[in-house]
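Colleague: Here's a structure for you.
The values are calculated or read from the model by the stated rules, or taken from the named source; none is laboratory data. A quick note: this is a predicted structure, and the numbers were derived from the prediction, not measured. For neighbour counting, all protein chains shown are included, and Cβ atoms are generated from backbone atoms with ideal geometry for every residue, glycine included. All accessible areas refer to the heavy atoms of the entire protein, side chains included, with ligands and DNA or RNA removed. Shrake-Rupley method; radii C 1.70, N 1.55, O 1.52, S 1.80 Å.
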Amino acid sequence: MGNLTNAFAHTIQRRFWAILPLIAVLAVACGAAEEPAAAPVAEQQQDAAPTATFAPQMIPAATSMPEAPAAAEQASGSQAAPPAAAPAQPAPTSAPAPTAAPPPAVSAKDHATIVTEAEPASIGMWSEGCSAEIHSMGCTDFVSDFLTWLDDRTAEIVPLSGVESWEQIDLDRWQFNLRDGVKFHNGAPWNAAAAKYGVEYNAFPANPSASITWTGPDMTGEVINDLTFHAVCPNPCPIYPRTALFADFQDPEWFENATEEERSLNSIGFGPYKIIGYEPGVNTQFEIYEDYLPNENWFAQAPTIQYITHTYRAEAPVRSAMIQTGEAHWAADIGFEEVENVVASGGKTVSGKTAEVYTLVFDTVFHPELSKKEVRLALTHAVDCQTLLDSMFGGRIPCHNAISMNGTVGITAENSKWREYDPELSRQLLAEAGYDPANEININTRPGSNIRGLEIMEATIQYWRDVGVNANLNSHGDLGAAREIQVSGCGQFTTDPNYKALMDCSSREPPAPAYVSSHAYEVATSNEILDMQRFNNSRLSCFSRSSRHCTAEFEAWKTEANSIPEGAERTAAMEAIADFAYEEAIFLPFFEVVYVYGLSGDMEWQPYYAPRLRGNTMRFTE
């Protein structure tokens, strides 16, 4: 790789060393037999700018839970395979071309059942309801190979099956060389025209795409030849490959000719698995894609488990019980309390951070009270965060008051510290703001969004009521309904050709699909790129559907910051933006999310540093 790519890998490695102390905490809290080695002094987090750091086998450097006694037997949970159903840079930056893939590993069983906290609202890759959350792996990581991928084992940005290499050829332009012979699940060829189509679809703000909040809007693609295309940014984009981790692709001809219903019930990517069945409310079924072309990267290896069934249970103890009885082989977010139960049954657990922060997003645009800074500050000072979290997690999880995790470029000790619990100050701030209790301030949430999320939100409502706020909890049992609230933000106005120039979100009525203020909506929001650019382009931007903040001044500011290459100047610019978000109390973050995963005794898998699951990284042992 070029010098800048090596520098980026080194920067990422430094960032993740800062996260290792939490892994040690998890190892102690969850009973891991060994603690991770301390980071070398030269690589430790610097005082001036706490930047995150990867290390080999990085966060969440899975902390294994203690094995059950040898005499304990593990129920195999083996099932018959489901029936198939119809259905500004000084030098170019380049990526190494992948070499031939090693021989595929062999799995001892041909079917696995996995269980998450929720059913995805859609299994269509480019349909409303397919998100960056782990329950959406069936419309993302199983069926899609993205433009780039961050390998948390090596700290490098690497290609998956569809890309050979890339290089920066101008400040705003990156050339991608595609891999010959790759086909979509329906047999259509993967080529530069398909890449152009996907990049441009993902860059239109009104489309349901996760990618836009990392790369930003208004990307275009240019076909150079059948296997070469250029990704062209509207402004300088020095870290574009790092931001393209969610740039996904479907066969354009299929997508153009499919109905909305057909698009929501299938995904025609070229990832390691294809969808073979979907029973709403029951499960989604996957089979190995027989024409998948692996490469040498761990996350683009050949899959070994022939069939995977994804099912859903909202209650963590139920997900744990499914592991204990052999009904499931992999379970997300079972909680610390279930570790002993899983281990005693012959299963095992691993844990780690997910690059997510559990937060409330305040509607600073459409809500008459939350548009006032003093009211937002009052709501923050009203919550006794650490006491609350200690009661929920037994002292394992510290409060964190930044929108992105420690280690993100821009996040510091100062702009992530919890504001003092001070009910009297809250009442004073409400009085100064002229708070009108006739205007309710509600929280919109859904069961299962976090393992203790509903309880945390109930407690938060009570804290707010204690200082005189008229507050209520809206718990949406349906994931789709909760998502409608989240995506009814400023980016919905981008279909108006005048909006880009005006950026007048605050002067309009709340948009579709909800047409109401979101008040404070709850989300575990991730930042896989560990850079404030992610939130500059999403929850702070006039052009994101998830945003409840919009000013023309901020758009100019963040565009300039996003254009600065990796280094001290970029870090300082991103810190200034993170300071602004903190001082304005645009969000009410609570903590960095930690998952405990339950595994059957014969399942071999290590968690990724983010809430993502690639089915081809799972295998059964003998």
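Colleague: Across region 494-532, what is the total count of residues that are over 22 Å from residue 482 (Cβ atoms), among the small types (Gly, Ala, Ser) and part of a loop (DSSP other than H, G, I, E, B)?
Modeller: Here the count works out to 0.
Colleague: Looking at region 469-478, can you tell me whether even one residue there is within 21 Å of the chain's Cα centre (by Cα) and closer than 22 Å to residue 541 by Cα?
Modeller: No, that holds for no residue.
Colleague: Condition check: of a type outside the set (Phe, Trp, Tyr), open to solvent by 50 Å² or more (accessible area, probe 1.4 Å) and part of a strand (DSSP E or B). Does residue 167 satisfy that? It would help to see each step written out before you state the result.
Modeller: On the way: of a type outside the set (Phe, Trp, Tyr): yes; open to solvent by 50 Å² or more (accessible area, probe 1.4 Å): yes; part of a strand (DSSP E or B): yes.
Against the criterion (of a type outside the set (Phe, Trp, Tyr), open to solvent by 50 Å² or more (accessible area, probe 1.4 Å) and part of a strand (DSSP E or B)), residue 167 qualifies.
Colleague: Scan (1) open to solvent by less than 50 Å² (accessible area, probe 1.4 Å); (2) part of a loop (DSSP other than H, G, I, E, B); (3) touching a strand residue (DSSP E or B) at 6+ places or on another chain (Cβ under 9 Å) for the single condition residue 217 breaks and write down its number.
Modeller: Just one mismatch for residue 217, condition (3).
Colleague: Being open to solvent by less than 20 Å² (accessible area, probe 1.4 Å) and either at negative phi or among the hydroxyl-bearing types (Ser, Thr, Tyr) (or both) is the requirement here; does residue 288 meet it?
Modeller: Against the criterion (open to solvent by less than 20 Å² (accessible area, probe 1.4 Å) and either at negative phi or among the hydroxyl-bearing types (Ser, Thr, Tyr) (or both)), residue 288 does not qualify.
Colleague: Please specify each residue of region 170-187 satisfying the condition of being surrounded by fewer than 19 Cβ atoms within 10 Å (Cβ to Cβ) and in contact with a Phe, Trp or Tyr (Cβ under 7 Å, 6 or more places away or on another chain).
Modeller: Correct list: 175, 183, 186.
Colleague: Among the residues of region 547-581, how many are polar (S, T, N, Q) and surrounded by 23 or more Cβ atoms within 10 Å (Cβ to Cβ)?
Modeller: Going through region 547-581 one residue at a time, the tally reaches 2.
Colleague: OK, next. Among the residues of region 513-544, what is the count of those that are in contact with a helix residue (DSSP H, G or I) (Cβ under 6 Å, 6 or more places away or on another chain) and open to solvent by 30 Å² or more (accessible area, probe 1.4 Å)?
Modeller: Total satisfying the criteria: 2.
Colleague: Out of curiosity, is residue 197 assigned to a helix (DSSP H, G or I), out of contact with any Leu (no Cβ under 7 Å at 6 or more places or on another chain), open to solvent by less than 50 Å² (accessible area, probe 1.4 Å) and not aliphatic (A, V, I, L, M)?
Modeller: In short, no.
Colleague: I want to confirm something. Restricting to region 338-381 and keeping residues that are of a type in the set (S, T, N, Q) and touching a Leu at 6+ places or on another chain (Cβ under 9 Å), which single residue is modelled with the lowest pLDDT?
Modeller: 351
Colleague: Still on this structure, I have one more. Would you check if residue 210 is at pLDDT below 90 and either open to solvent by 20 Å² or more (accessible area, probe 1.4 Å) or among the aliphatic types (A, V, I, L, M) (or both)?
Modeller: Yes; evaluated as a whole, the condition is true for this residue.
Colleague: Given the residues 522, 528, which is the only one that is at pLDDT 95 or above and of a type in the set (D, E, K, R)?
Modeller: It is 522.
Colleague: Can you confirm whether region 131-141 contains a residue that is in contact with a Gly (Cβ under 8 Å, 6 or more places away or on another chain), modelled with pLDDT of 95 or more, open to solvent by less than 10 Å² (accessible area, probe 1.4 Å) and farther than 14 Å from residue 263 by Cα?
Modeller: Checking region 131-141: at least one residue is in contact with a Gly (Cβ under 8 Å, 6 or more places away or on another chain), modelled with pLDDT of 95 or more, open to solvent by less than 10 Å² (accessible area, probe 1.4 Å) and farther than 14 Å from residue 263 by Cα.
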